[in-house]
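Colleague: Before we start, here is the structure in question, set down as structure tokens.
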Amino acid sequence: MSAALFVSRAALHHWEEPVISGTRGSGTIFFSGCSLACVFCQNREISRGISGKEISIPRLAEIMLDLQSHGAHNINLVTPTHYVPSIKEAIILAKTAGLTLPIVYNTGTYDNVETLKMLDGLINVYLPDFKYYRTSTAKAMCGAADYPEVARAAIAEMVRQTGHAKIDENGLMTRGVVARILLLPGHVAEAKLSLKYLFDIYGDSIYISLMNQYTPMKNMTAPLNRRVTHAEYGELVEYAEKIGLNNGFTQEFGTAKESFIPPFDNTGV
């Protein structure tokens, strides 16, 4: 984890799940760098630390307050894992200065449980990816064979902290976990395993988001060099219905476009 903070964008974002984005948008802060190195990363510009501006902890607190003043429904911290000690200080500072919005922790879920425990009582909503179910897939995709084990433990800690998901009268999540499964082309069977695991363990106490937005970056090899097909995604959604998933989100086709990846140009930083 780093003491320095690098942020590449802070702005209202409308492309999260409806319980996060609402009508006005989520106050999203994109941090530079990532604890993973997925070969297909769609945010490579920031995950590899190519873009971003160094800021202080007080400035991060100011950004949170700025987003609140612009009508954000929440403060959404994207890839925050490697900055947790500094982020914790900034949240406390912002709350002291008048921040009242829920805090969303948006992560690839290669998070140590002890790190997450540092945030106990400060995070209202956890938004974890469950990227890989099999160790072989994790090793091939990001070089971290222990990812499934780490992610399962991390999600368990997130649920321990937040409890059963709560949605307010405006349809916004105020507390809980939304676990995301990004369907990769050619990986329907693995996505089903991930879904079954989450549903068997947590049932409808959490929400599960089934995502088809995979966008192939340049120089990807098969099957990662194409988008997910209607048939692949339909099979996953049908499986979710079969096992009885109620608290879930699906996506329309057309989300797999580079235009849905925001410009990481230091806006709002």
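Colleague: Of the lysine pairs in the chain, how many meet both conditions: Cα atoms under 14 Å apart, and a spacing of 8 or more in sequence or different chains?
Modeller: 7
Colleague: Okay, next question. What does the accessible area of Ser32 come to, in Å² to the nearest 10, when a probe of 1.4 Å is used?
Modeller: That residue has around 10 Å² of solvent-accessible surface.
Colleague: Name the residue farthest towards the positive end of the dipole of the chain from the options Ile167, Ala145, Phe31, assuming +1 on Cβ of Lys and Arg, -1 on Cβ of Asp and Glu, about the Cα centre.
Modeller: Highest projection toward the positive end goes to Ala145.
Colleague: Out of all DSSP beta bridges with both ends in the chain, state the antiparallel percent to the nearest 5.
Modeller: Antiparallel: roughly 30 percent of the beta bridges in the chain.
Colleague: Solvent-accessible area per residue for the chain at a 1.4 Å probe radius, Å²?
Modeller: 43
Colleague: Label segment 113-269 by shape, choosing from rounded, prolate and oblate, from the square roots a ≥ b ≥ c of the eigenvalues of the Cα gyration tensor; if a/c is under 1.5 it is rounded, and otherwise prolate applies when a/b is larger than b/c, oblate when it is not.
Modeller: Note, shape of segment 113-269 comes out rounded.
Colleague: For segment 19-63 and segment 139-212, what is the separation of their Cα centres, given in Å?
Modeller: 20
Colleague: Next question, about the same structure. With +1 assigned to the C-beta of every Lys and Arg and -1 to the C-beta of every Asp and Glu, and no other charges, what is the dipole magnitude of the chain about the Cα centre in debye, to the nearest 20?
Modeller: 400
Colleague: Out of segment 138-200, which GluC sites (Glu not before Pro) are coil in DSSP terms and have no more than 12 other C-beta atoms within 10 Å?
Modeller: Glu169
Colleague: Can I ask one more? Would you calculate a helix-derived [θ] at 222 nm for the chain, using -39,500 (n - 2.57) for each DSSP H run of n ≥ 4 and dividing by the full residue count, to the nearest 500?
Modeller: -10000 deg cm²/dmol, from helical runs alone.
Colleague: Also, quick follow-up: If you build a Gaussian network model of the chain, linking Cα atoms that sit under 10 Å apart, which residue out of Ser69, Ser194, Ser56 swings the most?
Modeller: Ranking Ser69, Ser194, Ser56 by mean-square fluctuation puts Ser69 first.
Colleague: Scan (1) 15.9; (2) 18.8; (3) 12.9 for the value of mean projected area of the Cα convex hull in nm² calculated from this model and give just the label.
Modeller: Matching the structure shown: (3).
Colleague: Answer rounded, prolate or oblate for segment 183-269, using the Cα gyration tensor with square roots of eigenvalues a ≥ b ≥ c: rounded when a/c is under 1.5, else prolate when a/b is larger than b/c, else oblate.
Modeller: Taking the square roots of the gyration eigenvalues as a ≥ b ≥ c, segment 183-269 is oblate.
Colleague: If you roll a 1.4 Å probe over segment 23-115 with all protein chains in place, what percent of the accessible area is carbon or sulfur?
Modeller: 55
Colleague: Note down the relative contact order for the chain as a percent, whole number, built from C-alpha pairs under 8 angstrom at least six residues apart.
Modeller: Taking the mean separation of contacting Cα pairs over the length of the chain, I get 20 percent.
Colleague: From the Cα gyration tensor of segment 1-103, with a ≥ b ≥ c the square roots of its eigenvalues, which class applies: rounded if a/c is under 1.5, or else prolate if a/b is larger than b/c, or else oblate?
Modeller: Oblate.
The values are calculated or read from the model by the stated rules, or taken from the named source; none is laboratory data. Treat the numbers as computed from the prediction; the structure is a model and nothing was measured. Cβ coordinates were reconstructed from backbone atoms using ideal geometry, including for glycine residues, and neighbour counts include every protein chain displayed. We work out accessible area using only protein heavy atoms, side chains counted, and drop any ligands, DNA or RNA first. Shrake-Rupley method; radii C 1.70, N 1.55, O 1.52, S 1.80 Å.
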